[in-house]
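One structure is given here, and the rest of the page talks about it.
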Amino acid sequence: MARDETVDVLIVGAGASAAALAWSLAETKMQILCIEQGDWVRPQDLPGNDLDWEARHLTDFHFSPNVRRRPEDYPVNDSASPIQVSMFNAVGGSTILYAAHFPRFRPDDFRVRSVDGVGEDWPVDYETLAPFYDLNAEMMGVSGLPGDPAYPPKQLPLPPVPLGKLGAKLAAGFERLGWHWWPSDSAIITQNYRGRAACVNAGTCLVGCPQGAKGSVDVTYWPEALRRGVRLRTRCRVREVTVNEQGMASGVVYYDAEGKERYQPAHVVVLACNGIGTPRLLLASRSKHFPDGLANRSGLVGKNLMFHPYAMVMGVFDEPLEGYKGPTGCCIMSQEFYRTDLRRGFVRGYSFEILRGFGPISTVLWGMQQGLVPWGRNHHRAVEELFDHVAGMVAICEDLPEETNCVTLDPELRDEHGIPAPRIHYRLSENSQRMLAHAVDRAREVLEAAGARETFVQSPLPFAGWHLMGTARMGRDPHTSVVNEWGRCHDVKNLFIIDGSIFVTSAAVNPTNTIQALALYIADQMKRRLANLFD
Amino acid sequence: MRTVDRSNVALSAEDLDVLAGVLDTLIPPSDDGRFPGAGALGCARQVAENCGRVPGLLELLRSGLRELNHSSVARRGEPFHCLPPDAREQLLAEQSFVFPLVIQAYIAYYQHPAVLEALGLEPRPPHPLGYRMSDPGKEPAPNA
Ligand SMILES: Cc1cc2nc3c(=O)[nH]c(=O)nc-3n(C[C@H](O)[C@H](O)[C@H](O)COP(=O)(O)OP(=O)(O)OC[C@H]3O[C@@H](n4cnc5c(N)ncnc54)[C@H](O)[C@@H]3O)c2cc1C
Ligand code: SF4
């Protein structure tokens, strides 16, 4: 097998967490290499430049790797799960497709056991991460309105995305009911910023942003990390992490762009393959030291998978809303039902993320699914009643960790290199089901208060497995966690994990800001401990 | 802008005529004339091409179109696309290939510049020009 030159730090995966860590570690002048199975996505190749942009959302830019089936995708057996896995494999990882809704966790989210007696407390707290949230806001270009009473004070570098007619309409519904709402923190630049051009409200964020205004990490951290000397090798898929006689990580075996097997040795290995890809790789890396998978002496690798069950509730309004304008998932949010209130019949809570409207194709397909759009002579009337008249929201429900919700290796399904595919075992808990039902009722209430004449529900939303968390969790006790409080595996002292796998609980907000704040914090800890990193 | 390769459409000219008739039945012209019929708009080739990308769908479409035309000639004495709208609608409602086809019909139709214009949109892709939001700077503030 061909052997590459040893590097100091090898990062596997080039998504949200990898880019942040690579950029931060680069100032040490160590030799840093990142290996990514996907490629760069060129802005000119993104669907938003063409009239068929919505159609490509259903094919080569679908959320699910099982539908896209690009060469860089691996299959995921999620056929028995009510929620399907969504991700993207490229430089930038899933941030190529993400909506860039960018809230922070709230301080209480790190102390769920202490506050509510469920889940576990994190070994880090909000105060520790706050400077890294601030740094991340600067690097990603976060827009928002300071002063949200739900959070400790924070500064954001850019003003919020415009609410537009649609946002103002729904905000009025929240006002009418006296419920919390606030313009969303968004990793979308609303003014020209650090060499990037401002958002033009084109609304194609979920199939990529050709403008470069959405903070996908291929346009934020990566260019700066590469300028600082980090190397990035694309179209290379890692098969396993190897260990030496002492049980320390020694490097990775990977398939290069031509499909040849190669060995890349490294002093430190960092995994950033997301909450599905990382446990898959660990479980596939078996050796005499680790017969049950690498760093898995706790037995918790792959366990405690959390998704955030979503409900989507849409309303039909009489007047046009200009909903096809503006960033798709970034408008306003509400945390009215965020904290536990046991009278509701469940613990913890959810937030509402208000969505923009649909484009023409999505409107018609959604309308067809709801039984509102027939073919034939009544078709046009039905479409005209819907197009630009639909607005709504998703409820993002806190998912609690359960060992039975997990990722294992599929005994049969493999990717094109023969690496076992991940298999998802996931069941919606009673708590989640009650929370979803509550959220659906409240969403209907607020849409009606905003003037909707009819509402439509999808709960749980099937392709909404885009927040991948918990499958190699953090903690101080090696028996109940996989990595320590600064991301180092308890069992392998030169192996780090920095993606959503290390989350202890899920909170009820989108995770990427916290994933990146943690990656920056872990990089900072590594820099402070360079002399005795493996002690 | 990306160009679409339309060279590899595996339907015969006759199939495409029937398909155009089917599309005009699924999405007929609107009464006020603002929206064209999907067949008259020329969506048939693109629909066929898109069906070719979904495993098994083009075969289903081809056999469905031939069966439909066959029963049209047998029962009404005319090829499907020559029938009046009501008769086409009736015959088509009996066909099992309509569901997957109607999705492809909507996808092709609702990206056509003429249809975007009829919907009140500018007939262009969203990027690079984007959109101006109305009332910038006059947004409501949250009541903290
Ligand atoms: C449609 C969609 C919408 C979303 N919206 C939001 C949102 O609004 N807000 C938010 O906070 N989050 C959102 N997310 C989630 C967000 O994208 C993820 O939380 C974030 O990207 C996770 O970062 P990560 O570093 O853990 O992994 P990723 O960004 O997924 O990166 C993992 C990378 O590892 C690579 N990889 C995996 N295995 C291997 C291997 N064996 N060898 C080599 N490379 C490998 C993959 O190719 C991939 O590029 C959304 C996601 C999707 C799909
Ligand atoms: S709305 Fe803004 S962020 Fe979204 S794709 Fe368009 S320019 Fe990019």
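The values are calculated or read from the model by the stated rules, or taken from the named source; none is laboratory data. Please read these numbers as outputs of a predicted model, since none were measured by experiment. Ideal geometry is used to build each Cβ from the backbone, glycine not excepted, and the neighbour counts take in all protein chains shown. SASA here: full protein model, heavy atoms, side chains in, ligands and nucleic acids out. Shrake-Rupley method; radii C 1.70, N 1.55, O 1.52, S 1.80 Å.
Structure notes:
- Per this entry, A:G119 is counted among residues that are more than 15 Å from ligand 1 (Cβ to nearest atom) and at pLDDT 95 or above.
- Breaking point among (1) within 16 Å of ligand 2 (Cβ to nearest atom); (2) outside any loop (DSSP other than H, G, I, E, B); (3) of a type in the set (G, A, S), for A:A311: (1)
- Residue list for the range A:139-159, filter: more than 8 Å from chain B (Cβ to nearest Cβ), touching a residue at least 24 places away in the same chain (Cβ under 8 Å) and in a loop (DSSP other than H, G, I, E, B): A:G141, A:V142, A:G144, A:A150, A:Y151, A:P152, A:K154, A:L156, A:P157, A:P159
- Residues satisfying the stated conditions in the range B:76-124, i.e. part of a loop (DSSP other than H, G, I, E, B), touching a helix residue (DSSP H, G or I) at 6+ places or on another chain (Cβ under 7 Å) and farther than 30 Å from A:N49 by Cα: B:E78, B:P79, B:L83, B:Q95, B:F97
- Residue in the range A:263-303 that is surrounded by the most Cβ atoms within 10 Å (Cβ to Cβ), counting only those that are assigned to a loop (DSSP other than H, G, I, E, B) and more than 28 Å from the chain's Cα centre (by Cα): A:F290
- Tallying residues that are within 16 Å of ligand 1 (Cβ to nearest atom) and in contact with a helix residue (DSSP H, G or I) (Cβ under 8 Å, 6 or more places away or on another chain) within the range A:192-250 yields 19.
- Test: residue in the range A:471-479 that is crowded, with 24+ Cβ neighbours inside 10 Å, closer than 22 Å to A:S287 by Cβ and of a type outside the set (S, T, N, Q): yes
- Checked against the criterion of being within 24 Å of the chain's Cα centre (by Cα) and within 20 Å of A:L321 (Cα to Cα), the candidates A:E403, A:E353, A:E384 yield just one match: A:E353.
- Test: residue in the range B:71-91 that is open to solvent by less than 30 Å² (accessible area, probe 1.4 Å) and within 30 Å of A:P327 (Cα to Cα): no
- Within the range A:304-312, the presence of at least one residue that is more than 30 Å from A:P411 (Cα to Cα) and at pLDDT 95 or above is confirmed.
- The range A:161-179, residues that are at the interface with chain B (Cβ under 8 Å from one of its Cβ atoms) and touching a residue at least 12 places away in the same chain (Cβ under 8 Å): A:P162, A:L163, A:G164, A:K165, A:G167, A:A171, A:A172
- Cross-chain or 6+ apart pairs with Cβ under 7 Å, the range A:208-225 first and farther than 19 Å from A:D185 by Cα, then within 12 Å of ligand 1 (Cβ to nearest atom) and assigned to a loop (DSSP other than H, G, I, E, B): A:D218/A:W40; A:D218/A:V41; A:D218/A:V91; A:D218/A:G92; A:W222/A:V91
- Selection of the range A:437-470 for residues being within 27 Å of A:L300 (Cβ to Cβ) and either open to solvent by less than 10 Å² (accessible area, probe 1.4 Å) or β-branched (V, I, T) (or both) yields A:A464, A:G465, A:M469, A:G470.
- Qualifying residues in the range A:11-47 (those that are touching a Cys at 6+ places or on another chain (Cβ under 8 Å) and more than 17 Å from A:V219 (Cα to Cα)) - the one nearest to ligand 2 (Cβ to nearest atom): A:Q37
- Complete set of residues in the range A:13-62 that are of a type in the set (G, A, S), more than 16 Å from ligand 1 (Cβ to nearest atom) and within 14 Å of chain B (Cβ to nearest Cβ): A:A55
- Which listed residue, of B:E139, B:E117, is over 26 Å from the mean Cα position of the chain (by Cα) and either open to solvent by 20 Å² or more (accessible area, probe 1.4 Å) or facing another protein chain (nearest Cβ under 8 Å) (or both): B:E139
- Per-region count, the range A:375-418, residues assigned to a loop (DSSP other than H, G, I, E, B), open to solvent by 50 Å² or more (accessible area, probe 1.4 Å) and within 14 Å of another protein chain (Cβ to nearest Cβ): 3
- Considering A:T455, A:T480, A:T471, A:T505, the condition of being of a type in the set (V, I, T), part of a loop (DSSP other than H, G, I, E, B) and touching a Leu at 6+ places or on another chain (Cβ under 6 Å) is satisfied by A:T471 alone.
- Just so you know, in the range A:66-88 the residues that are more than 21 Å from A:H308 (Cβ to Cβ) and away from chain B (no Cβ under 14 Å) include one that is farthest from ligand 2 (Cβ to nearest atom), and it is A:P75.
- Residue that is within 11 Å of chain B (Cβ to nearest Cβ), closer than 28 Å to A:G275 by Cβ and of a type outside the set (S, T, N, Q), where the choices are A:P360, A:P327: A:P327
- Under the condition of being in contact with a Ser or Thr (Cβ under 6 Å, 6 or more places away or on another chain) and within 14 Å of chain B (Cβ to nearest Cβ), the residues counted in the range A:204-253 number 2.
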